[in-house]
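What follows is a short report on a single structure.
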Amino acid sequence: MAGELILVVEDNDKNRKLVRDILEFKGYRIIEVTTAEEGLEIACVQHPALILMDIHLPGMDGITAFKHLKADPRTSKIPVIAVTASAMPNEREVIEAAGFEGYQSKPISVKKLAAEVSRIIDAHPTPHMTD
Ligand code: MN
């Protein structure tokens, strides 16, 4: 399937453009924001099928944002892929322990990102919204 709405939370312009190009080429619809705070607001209102969450963001970081998403019944079922440069050796473990549905390391690989997005969207079919 294609056409699902994906929320991209990424403060780096180049990474955001790359992610946009990959996802639009695959036929997804995108909303882009540059802060976790905006991401939380948009997620509540737009109910994206998937969120790509940068971890290092100005203001709230991506792991804290993920915890907010999972604590809110309006957004708790939305799968979230963490996207980060694994500068810290234990960051991958922290991300896995937090419970993210997926993980992508930077620099972003076009093939790996496309495969991970489609795997996770297929595993989490969007329920029909009746409201
Ligand atoms: Mn960042």
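Some observations on this one:
- Close contacts from segment 53-72, counting a first residue that is in contact (Cβ under 8 Å) with a residue 60 or more places away in the chain and open to solvent by less than 10 Å² (accessible area, probe 1.4 Å) and a second that is in a strand (DSSP E or B) and more than 12 Å from the ligand (Cβ to nearest atom), with Cβ to Cβ under 6 Å and a gap of 6+ residues or different chains, come to none at all.
- Condition met for residue 77 (away from the ligand (no atom under 15 Å from the Cβ), open to solvent by 40 Å² or more (accessible area, probe 1.4 Å) and not in a helix (DSSP H, G or I)): yes
- Residue list for segment 25-36, restricted to those being closer than 17 Å to residue 11 by Cβ and either assigned to a strand (DSSP E or B) or open to solvent by 80 Å² or more (accessible area, probe 1.4 Å) (or both): 30, 31, 32, 33
- Members of segment 1-34 found to be touching a residue at least 24 places away in the same chain (Cβ under 8 Å), within 16 Å of the ligand (Cβ to nearest atom) and over 14 Å from residue 104 (Cβ atoms), listed by number: 7, 11, 32, 33, 34
- Inclusion of residue 120 among residues that are at pLDDT 95 or above, part of a helix (DSSP H, G or I), closer than 21 Å to residue 2 by Cα and open to solvent by less than 20 Å² (accessible area, probe 1.4 Å) is warranted.
- Hits in segment 41-52 (condition: part of a helix (DSSP H, G or I) and crowded, with 22+ Cβ neighbours inside 10 Å): 43
The values are calculated or read from the model by the stated rules, or taken from the named source; none is laboratory data. A quick note: this is a predicted structure, and the numbers were derived from the prediction, not measured. Reconstructed Cβ throughout: ideal geometry from the backbone, glycine too, with neighbour counts over all protein chains shown. SASA here: full protein model, heavy atoms, side chains in, ligands and nucleic acids out. Shrake-Rupley method; radii C 1.70, N 1.55, O 1.52, S 1.80 Å.
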